[in-house]
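The values are calculated or read from the model by the stated rules, or taken from the named source; none is laboratory data. Quick caveat: nothing in here was measured; it's all calculated off a predicted structure. Here Cβ is always computed from backbone atoms with ideal geometry, including for glycine, and neighbour counts include all displayed protein chains.
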Amino acid sequence: MTGRFLNYLIGLSRSRKRAVLMLVDAGLLAFSFGLAMALRLDGFSPALAPSSWLAFALVLPCTLLLFHLMGLYRAVVRHVAGRTVQVLAFGLAVSGVLLLLAAKSFGLFLPRSVPAIYWLLAMGLLGGARFGLRALYRQRLARLKARVIIFGAGSAGRQLFATLEHGGDYAPVAFVDDASELQGRDIGGLRVYSPARLPSLVAEHGVECVLLAIPSATRRQRRDILERLEPLGLRVQTVPGLSDIVSGRAELSEIREVAIEDLLGRDLVPPRQDLLDANIRGKTVMVTGAGGSIGSELCRQILSQRPARLVLLDLSEFGLYGIDEELRGLAAAESPETVVVPLLGSVLDRPRLDGALRDFAVDTIFHAAAYKHVPLVERNPVEGLRNNVFGTLALAEAARTAGVRAFVLVSTDKAVRPTNVMGASKRIAELICQALSGLPGETVFSIVRFGNVVGSSGSVIPLFRKQIEAGGPVTVTHPDITRYFMAIPEAAQLVIQAGAMARGGDVFILDMGEPVRIVDLATRMVRLIGLNPVVARAGGAGVVPAKGDIEIRFTELRPGEKLFEELLVGSDAHPTEHPRIMTATEVAMDWPALDALLQRLAAACDAHDLPTLRDLLREAPTGYEPAEAIGDLRWLRMPSQPTPKEGAGLSGAA
């Protein structure tokens, strides 16, 4: 009955709500006045009624008009707060004074203490009615909201609670915090509990989600908390990190999905400003592949170091447009003296490269342009080799000719003992930089090699997210497959710092931490949105999951894919002055020998001679051992060539 009445009131128009509220106030004011008279006189005498009520009748319209002028009826009842109490207190005080004046002016009977009693009673009734309606509304709304526990009872948790109280899709039921001094306290009517009470709180309140309100926690601390929450089977969301809040990129009230970086638990090492500045501040910097995932983050990091000019080179018009628009906005706010130059073009276009390097007097190049998707390059090896090998060659030679001071090649762990054309092409790109560094010239060449970055275009993580949002299945290529992971911002910062330490021909290896089993990553991603992952039987049909669960299905290794990636061709790496950057001594070729090999490789590409290409990749010191037969789609359609396996394609994830 109460619910239906409340729904009826909520459904009224704003003008009708005001009219109803004024009528209710009039009735409550009349009741307050009558009760005040009765309390003062130990019972209300009918003989006094006409005289006393006449005074009240004269004052009531004035009181309601005053309330209206003070905005009491503009306030939404479900959001009443301290200001409403102030308006009521002042308005009723004026109403009491008017009662005394009316009685005195017209010679009406009114005991002097009645206005004070009337004020107290009316405050309780009018204020209580409003706060009661607010409580009913919030109780009704809470039934429609997800019940949540806030993990963290510090200032961030309290601000989040205050925000959720005034709207949103969540109804907080408790706080939990590791700090013993906070446990047992009440915050806004909610008790703070120890995390050990989480299972019982979840069962008692029907909790659906945990909100992490610990923006200052390190990633390792966040990972430890997530590991404790994982068995509960709840959705876990979080407020932004402290760095995002301080920089203005996010508000504390924003609630996000848990970042994959939190699952990996890898804390950032503060960058060295001298290394960040060395090749950038006040200089002209070019980034190739500027619209890609790695290239675009390099551009953001470079812009923050205030270069004189930032030249963006990309073959993709869409990618270049996006990063150019973003950087122009950032430059206006953070580095107004930096000129952003977007150039459409290919790294294979030597005249275009020569002109750009000369006209803009480029000092530093970060070469991130590459075809990186292993199965796609395996199916299109000639284009992959042309772009990754001969694009690097054209850019590196153009850099030497133009006198570019520093050339940093962004490489990959797939270049180490590759089983695919993409990895082999990147290893030859490394050999080019190593060989050119031995020739006379001003350009300092270096290579920075690292594994997967979280959220890149070729990363498995965005694919997993899409599959989870679609209800599954989540596809993993093999139960034992592992990969190294690093956040894109960290990788970009380390690439810049490594390039600043180069002496010529250096191969830098980024410390990627421990490798991660892909199936474990997929399982945790599913659990942290409150669903139960069901792992298919290896080699058999998938298990039919329960309602609301998501299946993790094993497919098969994709063309050219390895179970385990490595970062070193040799057996050891040596530390540098940065704790997350190592250097390695790798096998190299002198320029005459490599030049001869590259000419033969170019001829084989022009002839689309795939067997010769594979032989040349083996001949070079790449460690290339193909995992399967030639997979080029055109080659497989040529007469006398085998037909590709039915269903072979580029799907799956690793």
Output yes when any residue across segment 336-347 is under 25 Å from the mean Cα position of the chain (by Cα), outside the structural domain of P559 (by TED's automatic domain parsing) and under 18 Å from V410 (Cβ atoms), and no when none is. no
Can you spot a residue in segment 433-451 that is assigned by TED's automatic domain parsing to the domain that holds T583, within 22 Å of L633 (Cα to Cα) and touching a Gly at 6+ places or on another chain (Cβ under 7 Å)? no
So how many residues does segment 301-319 have that are in a helix (DSSP H, G or I) and either surrounded by fewer than 17 Cβ atoms within 10 Å (Cβ to Cβ) or touching a strand residue (DSSP E or B) at 6+ places or on another chain (Cβ under 7 Å) (or both)? 4
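Check T392, T364, T443, T419 and return the single one that is closer than 25 Å to R618 by Cα, surrounded by 20 or more Cβ atoms within 10 Å (Cβ to Cβ) and in contact with a strand residue (DSSP E or B) (Cβ under 9 Å, 6 or more places away or on another chain). Don't jump to the end; show me each part of the working.
On the way: T364 fails: closer than 25 Å to R618 by Cα; T443 fails: closer than 25 Å to R618 by Cα; T419 fails: in contact with a strand residue (DSSP E or B) (Cβ under 9 Å, 6 or more places away or on another chain).
The match here is T392.
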List the pairs whose first member sits in segment 586-613 and is part of a helix (DSSP H, G or I), whose second member is surrounded by fewer than 18 Cβ atoms within 10 Å (Cβ to Cβ) and among the aliphatic types (A, V, I, L, M), and whose Cβ atoms are under 7 Å apart, counting only residues at least 6 apart or on separate chains? W591/L439; L610/I630
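For segment 362-460, which helices (runs of 4 or more DSSP H) that fit wholly inside it have 3 or more residues that are under 29 Å from the mean Cα position of the chain (by Cα) and touching a residue at least 12 places away in the same chain (Cβ under 8 Å)?
Working: elements: 374-379, 381-385, 391-402, 421-436.
Where helices (runs of 4 or more DSSP H) fall fully within segment 362-460 and carry at least 3 residues being under 29 Å from the mean Cα position of the chain (by Cα) and touching a residue at least 12 places away in the same chain (Cβ under 8 Å), they are 374-379.
Quick check: anything in segment 504-517 surrounded by fewer than 21 Cβ atoms within 10 Å (Cβ to Cβ), among the basic types (K, R), outside any helix (DSSP H, G or I) and at pLDDT below 85?
So the first thing to find is which residues in segment 504-517 are surrounded by fewer than 21 Cβ atoms within 10 Å (Cβ to Cβ), and the list is 504-505, 511, 513-517.
After this cut, where a residue has to be among the basic types (K, R) as well, the list is 517.
Keeping just the survivors that are outside any helix (DSSP H, G or I) gives 517.
Going one step further and asking which of them are at pLDDT below 85, we end up with none.
Taking every residue of segment 504-517 in turn, none turns out to be surrounded by fewer than 21 Cβ atoms within 10 Å (Cβ to Cβ), among the basic types (K, R), outside any helix (DSSP H, G or I) and at pLDDT below 85.
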Would you pick out the residues in segment 53-79 that are hydrophobic (A, V, I, L, M, F, W, C), over 16 Å from A122 (Cβ atoms) and at pLDDT below 80? A75, V76, V77
Scan segment 251-283 residue by residue and report those that are small (G, A, S), at pLDDT below 80 and out of contact with any strand residue (DSSP E or B) (no Cβ under 8 Å at 6 or more places or on another chain). S253, G265
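For segment 157-239, list the strands (runs of 3 or more DSSP E) that sit wholly inside it and hold at least 3 residues that are surrounded by 21 or more Cβ atoms within 10 Å (Cβ to Cβ), in contact (Cβ under 8 Å) with a residue 40 or more places away in the chain and touching a helix residue (DSSP H, G or I) at 6+ places or on another chain (Cβ under 8 Å); which are they?
Details: elements: 170-176, 190-193, 209-212, 235-238.
It comes to 209-212.
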Those residues of segment 335-381 which are out of contact with any Lys or Arg (no Cβ under 7 Å at 6 or more places or on another chain), among the β-branched types (V, I, T) and within 14 Å of L310 (Cα to Cα), in sequence order: V362, I365
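Test T555 against the criterion of being modelled with pLDDT under 90, surrounded by 15 or more Cβ atoms within 10 Å (Cβ to Cβ) and within 37 Å of the chain's Cα centre (by Cα), and give yes or no.
Values: modelled with pLDDT under 90: yes; surrounded by 15 or more Cβ atoms within 10 Å (Cβ to Cβ): yes; within 37 Å of the chain's Cα centre (by Cα): yes.
Criteria met by T555.
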Can you give me the number of residues within segment 101-115 that are assigned to a helix (DSSP H, G or I) and either surrounded by 17 or more Cβ atoms within 10 Å (Cβ to Cβ) or modelled with pLDDT of 90 or more (or both)? 4
Residues of segment 320-361 satisfying the condition of being touching a Ser or Thr at 6+ places or on another chain (Cβ under 8 Å), surrounded by 17 or more Cβ atoms within 10 Å (Cβ to Cβ) and without any contact (Cβ under 8 Å) to a residue 40 or more places away in the chain: I323, A331, S335, R352
